[in-house]
1. Can you find even one residue in the range 407-420 that is part of a loop (DSSP other than H, G, I, E, B), out of contact with any strand residue (DSSP E or B) (no Cβ under 9 Å at 6 or more places or on another chain) and among the acidic types (Asp, Glu)?
2. Can you tell me which residues in the range 476-501 are under 22 Å from VAL423 (Cβ atoms), crowded, with 16+ Cβ neighbours inside 10 Å and at pLDDT below 90?
3. Looking only at the range 603-620, decide whether some residue is among the basic types (Lys, Arg), surrounded by fewer than 16 Cβ atoms within 10 Å (Cβ to Cβ), at positive phi and in contact (Cβ under 8 Å) with a residue 24 or more places away in the chain.
4. Looking only at the range 446-475, how many residues end up being out of contact with any strand residue (DSSP E or B) (no Cβ under 6 Å at 6 or more places or on another chain) and under 16 Å from ILE418 (Cβ atoms)?
5. If I ask for residues that are among the charged types (D, E, K, R), under 50 Å from the mean Cα position of the chain (by Cα) and assigned to a loop (DSSP other than H, G, I, E, B), which ones from the range 331-372 would you list?
6. Any residue in the range 337-366 that is aromatic (Phe, Trp, Tyr) sitting within a Cβ distance under 8 Å of a residue that is surrounded by fewer than 17 Cβ atoms within 10 Å (Cβ to Cβ)? List the pairs, counting only those 6 or more apart or interchain.
7. Give GLU532, GLU542 a once-over and let me know the one that is charged (D, E, K, R) and modelled with pLDDT of 85 or more.
8. Hey, among ARG239, ARG285, which residue is closer than 30 Å to LYS42 by Cα, of a type in the set (Lys, Arg) and surrounded by 12 or more Cβ atoms within 10 Å (Cβ to Cβ)?
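The values are calculated or read from the model by the stated rules, or taken from the named source; none is laboratory data. Please read these numbers as outputs of a predicted model, since none were measured by experiment. Positions of Cβ are generated from backbone atoms using ideal geometry, with glycine treated the same way; all protein chains shown enter the neighbour counts.
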Amino acid sequence: MRTRLFIILLPLYFAAITAASAQRKDSSKIFVKASAQEHGIKLRWAVNTSRAWKLSNQYGFEITRFTVLRNGKILAVPESKVLNSIPLKPKPLNDWETIVQHDQYAAVVAQALYGKDFEVSGGGNNGIAHIMTLSAEQEQRFALSLYAADNSFDAAVMAGWGWEDRSARPGEKYLYRVRSLVPPARLMIDSSGAFIGIDDHETLPVPGDVGVVFGDKHVILSWDYSILKRYYNSWIIERSKDGGQHFERATAMPVTNFNEKEKKASPRMYYIDSLSDNNTVYQYRIRGVSSFGETGPPSAVSTGKGKTMLLYTPNIRSNEINEQGKMTLTWEFEEAGNAVIKGFALNQASRENGPYKTVLTNIAPNQRSLEYSQLMPTNYFTITAIAKEGESSTSFPVLVQPVDSMPPAPPVGLAATIDSSGVVTLSWKANTEIDILGYKIFRASSIGEELSPLVDTVFFKNSFRDSVTVKSLNSRVYYAVTALDKRYNQSGYSAVIEVKKPDLIPPSSPIFSGYKVEKGKVMLTWVNSHDEDVAAHLLYRENHTDSSGKWALVQSFRNGAQSYTDPTAISDLTYSYLILAKDSSGLESAPAQPLTVTIPADPRSIAVKTLNATANRTDRYIELSWKDDGEGVTEYQLYKGVEGQPLTLWKIVPAGARRIADESLKINTTYEYGIRAVNNGLNGPLKKVKITY
């Protein structure tokens, strides 16, 4: 067996190993990983320092299994068992002879453990050899042996760093403790463990999110390793040239990520594979390799072939625009490239960084100029050489601007709102011209006044906030907007909008100019408020007999009326009237002095409705009877007289009486009677009746 081994790996790997070794900690620990298999449990462990590695290889390890759960129940006292009868440490050198013949990782471990020299070469001062000289040989042996053991479980078992427990049973769960047998006096090494059972077995996942980009005789593969890093620590890349019938490894060894500890490490891994030609169709897939040397299922297959790159690129040389607005564009392109392209295409955009739209196609391969008239105010053009095979090439963009003297359309949809503090918010529809730059906002204090700009420069939004003084002589303010294009052509004014300022001052008070009472109705006159924005005059009335003291709205006047007759007033009551002015903002004037009016009592309210006279010649008397509602009557006054003579007061009867008899009579005489109701000095009308006796 060879005792000297030369390993050729990527420089990035050894840079990561060297950095990890330089950052080792003083405390020594054991780290354990476990994997549930269908018929057993595999254990892998490693120490974290090269000194602990060297001493543990000398003294070995011990594995103790504690049975904690059985059939879903926790055991009252865990069952403990030491799995290894002798310390686990590296097998003798001769025992490695067979495994290293077919397992290169085992060869690395054996060389690290027993080799007199441990040299890694990669060529030149910038290669592996130069990087490896930065670390001590023991650190190199320690780091590379652990990496190799991660890729070969058989090698880990041979080195005393792995164990498979085939006595594990389904339905049980174990706590495995791995302990170093190095005497504490020489080095204190913390033990560690893993909690697992056969029932925790799970199938290794399929890698996903694999990206494949084919180039000129090469392919770039990438995949997200961060998602599956708890399952896999290295990857196998496989390829097929026969449509997927047979896959072979693209690399002799799995690829591993060693830059994960960088602050901004990418979650993706990349691999570049060389292709023999650009005609063969290749299929690629990847598999993950776990820390126990298990190979996972393959990813989905990605298919493609190499692309021949176009070596020539067009270059736009000039552009001219005639008076009709038509552009003539010329470009350069190597004549040798005509045979490998289908032709050219013209691309147009309004911005240098696009997006570009192809506006002309099928331009002949030998053509070097063209005419185009569909120009925008600002244009960027590129020319693309369309390759017959592989990727096309595109020129750098050039700016083309035709002469523009046409202003944009005046803005439309101007609207405004104003709050109580005088903040005006303007908004309008944004112009749709491609070359629109912005807007200018104007204001005036009255109709006919010249509009003044509110912004010194271009305003880029289609909304604007302004502030006006609320308490001023002018109650309105006027706004307009214009649009500007990128050539600073200015549109006409938008429609001028009028904004009414918030009204914070109430109108002046109207006053009563007179009143009179006729036939129980109150006729009022007043002088209206003289303010321009008065919307209505409001007449209120208060009934003094109403204990609530509320003012009731009698009438609202919006046509400039200055008089009103109250038809609902009741006689013998006292009323107070109040008139207010209300403006268009809802503000009411201060109340003026109320007008108080007493309605005299109406005698007709206590009139006797009927008076009847009946002569009883048998008993020799005349009976008088009458009817009324009797409300408020305190007494009745009866009058009597002979026909042709004045009536005189005859009798006074109390309020409750409704009839009376007259016995002082003469035969063949015509008498006339009268009656009136009396209410505390108010005499109702006299009701009369005649009768002949």
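1. Here is the first cut: in the range 407-420, the residues part of a loop (DSSP other than H, G, I, E, B) are 407-414, 419-420.
Adding the requirement that they be out of contact with any strand residue (DSSP E or B) (no Cβ under 9 Å at 6 or more places or on another chain) leaves 412, 420.
Subsequent filtering for residues that are among the acidic types (Asp, Glu) retains none.
Looking for residues that are part of a loop (DSSP other than H, G, I, E, B), out of contact with any strand residue (DSSP E or B) (no Cβ under 9 Å at 6 or more places or on another chain) and among the acidic types (Asp, Glu), one finds none in the range 407-420, hence no.
2. LYS501
3. Yes; the residues of the range 603-620 include at least one that is among the basic types (Lys, Arg), surrounded by fewer than 16 Cβ atoms within 10 Å (Cβ to Cβ), at positive phi and in contact (Cβ under 8 Å) with a residue 24 or more places away in the chain.
4. Count: 6.
5. Scanning the range 331-372 gives ARG351, GLU352.
6. PHE344/ALA364; PHE344/GLN367
7. Values: GLU532 fails: modelled with pLDDT of 85 or more.
Answer to the check: GLU542.
8. ARG285
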